[in-house]
1. Per the Kirkwood formula on distinct C-alpha pairs, the Rh of the protein assembly as shown is how many angstrom?
2. Kindly provide the helix-only [θ] at 222 nm of chain A, computed as the sum of -39,500 (n - 2.57) over DSSP H runs of four or more divided by all residues, to the nearest 500 deg cm²/dmol?
3. Would you please classify the overall shape of the stretch A:129-258 from the alpha carbon gyration tensor, given that a ≥ b ≥ c denote the square roots of the eigenvalues, rounded means a/c under 1.5, and beyond that prolate means a/b larger than b/c while oblate covers the rest?
4. Roughly how many Å is it from the Cα centre of the stretch A:1-75 to that of the stretch B:3-66, as a whole number?
5. Can you give me the solvent accessible area of A:F153 with a 1.4 Å probe, rounded to the nearest 10 Å²?
6. Could you pull out the pairs from A:K35/A:K60; A:K35/A:K196; A:K60/A:K112; A:K112/A:K191; A:K60/B:K45 whose alpha carbons sit more than 25 Å apart here?
7. Chains A and B: what accessible area do they bury, summed, in square angstrom to the nearest 100, with a 1.4 Å probe?
8. For the stretch A:95-157, state which trypsin sites (Lys or Arg not before Pro) are in a DSSP loop and have at most 13 other beta carbons lying within 10 Å of their beta carbon.
Amino acid sequence: MCPVTQIFGVSISTYAIMIVIGFAAGLICAVLRRKINGIRADDLVACLFIAAAGALLGAKLFYMAQGFTSFLQLAKDTGYTFLEYFMDAGLVYYGGFIGGILFLFLAARLIKTPAWAMLDTILPSIPLMHAVGRVGCFSAGCCYGIPCDFGVFFDASPFAPHGVRLLPVQLIESACLLALFFFMLRYGKQKRPPGKILAVYLIGYGIIRFVLEFFRYDAFRGIYGVFSISQWVSLALIALGVFFWFCYPKSGQKKALV
Amino acid sequence: MENKSTFAVVSLVLGIVAIIFAFVFWPVGLVCGIIGLVLGSKAKKQAPSGMATAGWILSLIGLILSVILIIVAVACAGALLAAGMTAASMLG
């Protein structure tokens with residue numbers, strides 16, 4: 001709808017602005033909640049930005065994995081290099097989530113801060129950041145939905161087809177994510193056993209994403225069998241969430257969970 | 001104590017490198033920022049000093065700049081690619 005925003009005469013991608021705003025909102029939320037889990041502010045800031053870097057790398061690698069066969073063909077035809085592919089690659093959320101969590105745990109271990117406490121502090125911020133980011137997707141016209149009579153035109157978008165009404169699935173997902181954020185905020189108001197808040201997020205977002213994928217229409221998504229890659233990943237993450245809720249930590253396990 | 005002040009010095013150097021490379025070649029800025037931030041955090045805890053804090057702050061700035069430039073690059077590359085595809089389909 002509005003891919004570019006003018007700020008003091010400079011054209012800036014609205015998508016980029018919304019990602020930055022979403023991240024800032026998530027950071028503020030995490031800083032305000034840090035005392036619930038006894039986390040230092042500087043450790044939180046360090047881990048969050050390292051997790052953000054991991055999220056961007058993971059999102060890029062996931063995107064590259066989805067289009068790897070096309071890359072191989074292009075490399076063979078035109079000499080397109082892997083580095084060029086890496087620099088040009090877009091972002092896929094699930095890759096970002098996995099990369100972010102891995103880097104977060106690694107950073108927490110390296111700077112010797114409790115990893116689960118750090119994760120529980122940051123996790124409710126993730127659906128908030130994602131909700132704002134999806135508004136950026138709506139502005140850019142990417143991640144659009146199926147054609148429908150009550151949809152919107154994305155005629156200014158370089159991604160979506162023009163002249164056809166498309167379901168604004170980005171805004172629907174944004175609303176669902178905000179609901180998940182408020183639910184996690186309420187659930188996370190007190191310290192919870194390790195894995196519980198993660199389970200809430202995995203199951204909650206897994207269900208949201210699995211259902212909304214049926215209404216997505218953007219072409220560049222791998223389809224394997226009856227489901228898209230993101231739907232298969234959603235199912236796996238729901239299963240992982242169930243594991244964390246019911247089976248983690250194991251009863252009688254005495255070792256400190258850091 | 002020797003290792004702890006080394007962390008502070010290395011963090012400071014990596015922070016400066018991260019800021020410079022954020023604009024030149026962001027993957028290097030990103031890696032230097034991450035390592036500098038980890039070392040700066042360790043230095044601040046084990047042997048707090050002005051240098052440790054400076055290294056932490058500069059590494060954080062370098063990491064933030066790299067992250068922002070990645071996001072802007074992805075947004076611009078995606079728009080250019082999609083615009084090119086749209087133009088190609090119109091001409092084709």
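The values are calculated or read from the model by the stated rules, or taken from the named source; none is laboratory data. Note that this is a predicted model, so its numbers are computed, not measured. No Cβ is skipped: glycine too gets one built from the backbone with ideal geometry, and neighbour counts run over all protein chains shown. These accessible areas exclude ligands, DNA and RNA; they are computed on the full protein's heavy atoms, side chains included. Shrake-Rupley method; radii C 1.70, N 1.55, O 1.52, S 1.80 Å.
1. Its Kirkwood hydrodynamic radius stands at 21.4 Å.
2. When only DSSP H runs of four or more count, the value is -21000 deg cm²/dmol.
3. Values: a/c = 3.41, a/b = 2.09, b/c = 1.64.
It comes out prolate by the Cα gyration axes.
4. 20 Å
5. 90 Å²
6. Working: A:K35/A:K60 33 Å; A:K35/A:K196 18 Å; A:K60/A:K112 28 Å; A:K112/A:K191 20 Å; A:K60/B:K45 33 Å.
Those over the limit are A:K35/A:K60; A:K60/A:K112; A:K60/B:K45.
7. 2400 Å²
8. A:K112
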